[in-house]
Amino acid sequence: QVSRGLRTPRLPVWLCSLSGRHGVLFGTDSRLLSDWKRERVFHLYFYNGQQEQAKTARLTIDTHSHPWEEEPRGEPSSPGKRCPAVEMAIRTKWAGATVSWNGTNPFF
């Protein structure tokens, strides 16, 4: 039998399989699970345990940003325009959200 803590987690946590690698995306604000107003601007952390990741990445998610507020990344076909898989996974829950890596180089 699955314990109540696994059926209803106290903190938001997602196990991710991105590009064939596994990682954990989690938050430390339990109110994110129960109060939709907390979903405006919040932090999530991502850890995958791979060598290229020296520490847990702290991501800032803004669900009410606008596309024209984003920094331009160059031509659509340029490699700089590609979006990390972690950001794409986050946008499956919060469509249109902007993700700030807070100084960490995006990986995946």
Give me the pairs, please: first residue somewhere in the range 92-108 and within 17 Å of V24 (Cβ to Cβ), second residue anywhere and surrounded by fewer than 14 Cβ atoms within 10 Å (Cβ to Cβ) and small (G, A, S), beta-carbon distance under 6 Å, and either six or more positions apart or on two chains.
F108/S19
Please enumerate the residues belonging to the range 10-34 that are open to solvent by less than 50 Å² (accessible area, probe 1.4 Å) and over 18 Å from T92 (Cα atoms).
D29
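Could you grab me the full set of residues in the range 93-108 that are among the hydrophobic types (A, V, I, L, M, F, W, C) and at pLDDT below 85?
Taking the range 93-108 as the starting set, the residues that turn out to be among the hydrophobic types (A, V, I, L, M, F, W, C) are 94-95, 97, 99, 101, 107-108.
Of everything in the range 93-108, those that are among the hydrophobic types (A, V, I, L, M, F, W, C) and at pLDDT below 85 turn out to be F107, F108.
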Whichever residue in the range 35-47 is in contact (Cβ under 8 Å) with a residue 24 or more places away in the chain and under 19 Å from N105 (Cα atoms) and, among such residues, is surrounded by the most Cβ atoms within 10 Å (Cβ to Cβ):
F46
Quick one: is I61 at pLDDT 90 or above and in a strand (DSSP E or B)?
yes
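The values are calculated or read from the model by the stated rules, or taken from the named source; none is laboratory data. Just so it is clear, the structure is predicted and the values come from calculations on it, not from any experiment. So basically every Cβ, Gly included, is an ideal-geometry build from the backbone, and we count neighbours across all protein chains shown. Surface areas here come from the heavy atoms of the whole protein model, side chains and all, with no ligands, DNA or RNA. Shrake-Rupley method; radii C 1.70, N 1.55, O 1.52, S 1.80 Å.
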